[in-house]
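Every number in this text was worked out from the coordinates using simple rules, so none of it is lab data. Please read all numbers here as calculations on a predicted model, not as lab measurements. Using ideal geometry, Cβ is built from the backbone for each residue, glycine included, and neighbour counts are taken over all protein chains shown.
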Amino acid sequence: MLEVKNLAKSYQKDKPALTDISFKVDSGKFVAIIGPSGAGKTTILRSLNQLIKDDDGQILLDGEDIRAANKAELRKLRRQIGMIFQNYNLVERLTVIENVLHGRLGYKSTISGMIGRYTEEEKREALELLDKVGLSEFALQRCSELSGGQKQRVGIARALIQHPKVILCDEPIASLDPASAQNVMKLLKDLTVEFNIICIANLHQIGLAKEHADQIIGIRKGQMVYNDVSENLSEDA
Ligand code: ADP
Ligand code: ADP
């Protein structure tokens with residue numbers, strides 16, 4: 001379980017970007033964070049993966065405070081938190097399977113020709129994950145040849161190969177057409193259940209959030225204005 005307690009952050013003195021954010025998420029749940037641009041959604045994700053250090057509050061992952069971790073503990077904790085990005089952050093010139101194996105970066109170097117550095121077991125797992133995201137036929141294709149929706153599905157497989165407890169998705173569908181966006185949202189929801197992980201996604205699209213997410217957190221001007229199961233969200237919220 002992930003528990004955020006009284007999280008606060010100011011980039012500049014007397015200009016809080018987040019104030020007193022508290023919420024809990026159980027494993028197997030898909031959470032959407034919604035709110036207007038500048039509300040603080042990205043700042044929450046950056047705090048959760050500790051890209052931002054100088055914040056305030058507690059972030060407990062299965063009872064362990066991420067913010068209190070020392071360097072070695074933080075490295076281990078980071079492995080438990082996967083990331084998915086709006087612009088995919090793939091290495092375009094490398095193949096699909098190489099990009100998935102990049103999720104193992106914590107253990108192996110990243111120079112090209114790296115595929116030989118991975119064990120058969122790791123390659124088998126990468127192929128299994130590609131199968132789960134519907135891309136097994138594309139394993140040896142370069143990422144530059146893929147559509148946006150396909151690239152995001154590579155990003156999902158890359159996040160999963162590190163066996164995370166949590167996946168953080170920063171605007172995962174903002175660059176996608178409506179059909180691909182639906183597809184990626186459904187995939188995130190299904191894999192969250194299948195792997196019993198926590199998935200937290202920043203979204204603009206309230207309709208898609210309500211349709212796919214279990215829980216919705218509304219952020220406005222750095223404050224949490226809503227936190228409930230998605231069924232309870234009214235259309236005019
Ligand atoms: P988004 O709405 O997707 O978060 P933004 O356009 O707000 O994108 O921000 C883009 C980048 O600029 C982010 O890395 C964000 O942290 C950074 N940023 C946003 N506002 C400021 C600011 N006032 N000063 C410095 N960096 C900022
Ligand atoms: P959102 O993701 O909801 O668009 P952000 O978390 O990016 O919002 O930004 C929240 C607030 O913090 C905004 O007022 C933004 O300008 C500010 N901000 C974000 N990143 C930075 C930064 N690196 N430096 C200064 N201010 C920032």
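Odds and ends about this structure:
- Across Leu60, Leu146, Leu51, mean-square fluctuation computed from a Gaussian network of the chain (C-alpha pairs under 10 Å connected) peaks at Leu51.
- In degrees, nearest ten, helix 120-132 long axis to first principal axis of the chain (Cα): 60 degrees
- Virtual spin-label span in nm between Asn87 and Ser234, 7 Å along Cα→Cβ: 4.0 nm
- Inter-probe distance in nm under a simple model that places probes 7 Å from Cα toward Cβ, at Asp56 and Arg220: 2.4 nm
- Net charge of Cβ neighbours under 10 Å - reference Glu211; Lys, Arg +1; Asp, Glu -1: +3
- Each other residue within a Cβ distance under 10 Å of Pro164 adds +1 if Lys or Arg and -1 if Asp or Glu, for a net charge of +3.
- Among the GluC sites (Glu not before Pro) in the range 199-237, those placed in a DSSP loop whose Cβ has at most 12 other Cβ atoms within 10 Å are Glu235.
- Using a Gaussian network model of the chain in which every pair of alpha carbons under 10 angstrom is joined by a spring, one finds that among Val193, Val184, Val100 the greatest mean-square fluctuation is at Val193.
- Length-normalised contact order for the chain - Cα pairs under 8 Å, 6+ apart - percent: 30 percent
- Largest GNM mean-square fluctuation across Ala139, Ala32, Ala72, computed for the chain with C-alpha springs under 10 Å, falls on Ala72.
- Share, in percent, of DSSP beta bridges within the chain that are antiparallel, nearest 5: 50 percent
- Here the range 216-233 and the range 112-179 have alpha carbon centers that stand 30 Å from each other.
- Beta bridges assigned by DSSP with both partners in the range 114-237 are antiparallel in approximately 55 percent of cases.
- Given 14 as the ceiling on other Cβ atoms within 10 Å, longest exposed-site-free region of the chain for trypsin sites (Lys or Arg not before Pro) in DSSP loops: 109-220
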